[in-house]
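Trainee: Take a look at this one; I'll ask things after.
The values are calculated or read from the model by the stated rules, or taken from the named source; none is laboratory data. Note that this is a predicted model, so its numbers are computed, not measured. Cβ placement follows ideal geometry from the backbone for every residue including glycine, while neighbour counts extend to all protein chains displayed.
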Amino acid sequence: MRIDVLGVSFDNVTPDEAVQRALAMLEENRPHLAVTPNPEMIQRAEKDPEFSKVLADADLVLPDGIGVIYAAKILGRPLKGRVPGVDFASALMGKIAGTDKRLFLLGAKPGVAEEAAKRLTARYPGLNICGTHDGYFQDDAPVVEAIRASKADVVFVCLGFPRQEKWIAAHGAEAGAKLYIGLGGSLDVFAGKVDRAPEKMQKLGLEWLYRLYKEPSRIGRMAKLPLILVQALGARVKGK
Ligand code: UDP
């Protein structure tokens, strides 16, 4: 069952259940899309019907960020908890390492996906990374062909939202993989270019605060977090 949070329907799953669903998708012969919306993405979806439809049609919609969890709680439809994209991707890599499943890394600045591949294969022995491509391309065709030729099963698509989700909807079937995951800035994290908040802060739901401390210029983007709580309260009061 999905839970609606201000127009985006989320799968109410634990991190373990999310990974089990992803593994099941790899056994089906069709492309699947997994997305990890945060408050900024919910607000974008409100104004962008194409993006909203891509999120609605996704096979797995995971709540990335404490703002989504609080909003769901305020709406009176609590979710089981956060499933941050980086954690979901990490758990999935742990499961497919040592199997015949192949992973392609798409996105971020030139060199970042390669560095991420190096570090990830060291962290997950037996992980089969079959290709990488940066996210600053103009022409889609060669990228689709690179994924196709790599025979990837899973593709981490890290082009920033909403481009990554729309790109997957437009090109996923042609590129031939079974599971595409929109993962924002995760390759920067995997490559060690951006560090995540200490675990204690993550557990307290303060990852956003750490990110703000590291990149104060994100203040405008992050103002969306309290804003969706106000929206959720408004919707609750109106009985939506
Ligand atoms: N990016 C990209 N191509 C572009 C624009 C952005 O590959 O044309 C990458 C960017 O380098 C970064 C990621 O997309 O690695 C977006 O990161 P951000 O931290 O903004 O995403 P979030 O995790 O907040 O959604």
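Trainee: Scan 91, 122, 108 and give me the residue that is within 12 Å of the ligand (Cβ to nearest atom) and within 25 Å of residue 198 (Cα to Cα).
Mentor: 108
Trainee: Taking the criterion of being modelled with pLDDT of 95 or more and more than 13 Å from the ligand (Cβ to nearest atom), would at least one residue in region 201-213 satisfy it? Write out each step before concluding.
Mentor: Start the filter on region 201-213 by keeping residues that are modelled with pLDDT of 95 or more, which leaves none.
Scanning region 201-213, I find no residue that is modelled with pLDDT of 95 or more and more than 13 Å from the ligand (Cβ to nearest atom), so the answer is no.
Trainee: Name the single residue that is nearest to residue 75 (Cα to Cα) among those in region 207-220 being surrounded by fewer than 16 Cβ atoms within 10 Å (Cβ to Cβ) and in contact with a helix residue (DSSP H, G or I) (Cβ under 8 Å, 6 or more places away or on another chain).
Mentor: Taking the candidates together, the pick is 209.
Trainee: Output yes when any residue across region 132-154 is outside any helix (DSSP H, G or I), within 17 Å of the chain's Cα centre (by Cα) and within 24 Å of residue 23 (Cα to Cα), and no when none is.
Mentor: Yes, some residue in region 132-154 is outside any helix (DSSP H, G or I), within 17 Å of the chain's Cα centre (by Cα) and within 24 Å of residue 23 (Cα to Cα).
Trainee: Starting from residues that are near the ligand (Cβ under 10 Å from one of its atoms) and in contact (Cβ under 8 Å) with a residue 60 or more places away in the chain, keep the ones in region 163-189 and report whichever is nearest to residue 57 (Cα to Cα).
Mentor: 182
Trainee: Something else: Residue 104 - would you say it is closer than 25 Å to residue 169 by Cα and touching a Ser or Thr at 6+ places or on another chain (Cβ under 7 Å)?
Mentor: yes
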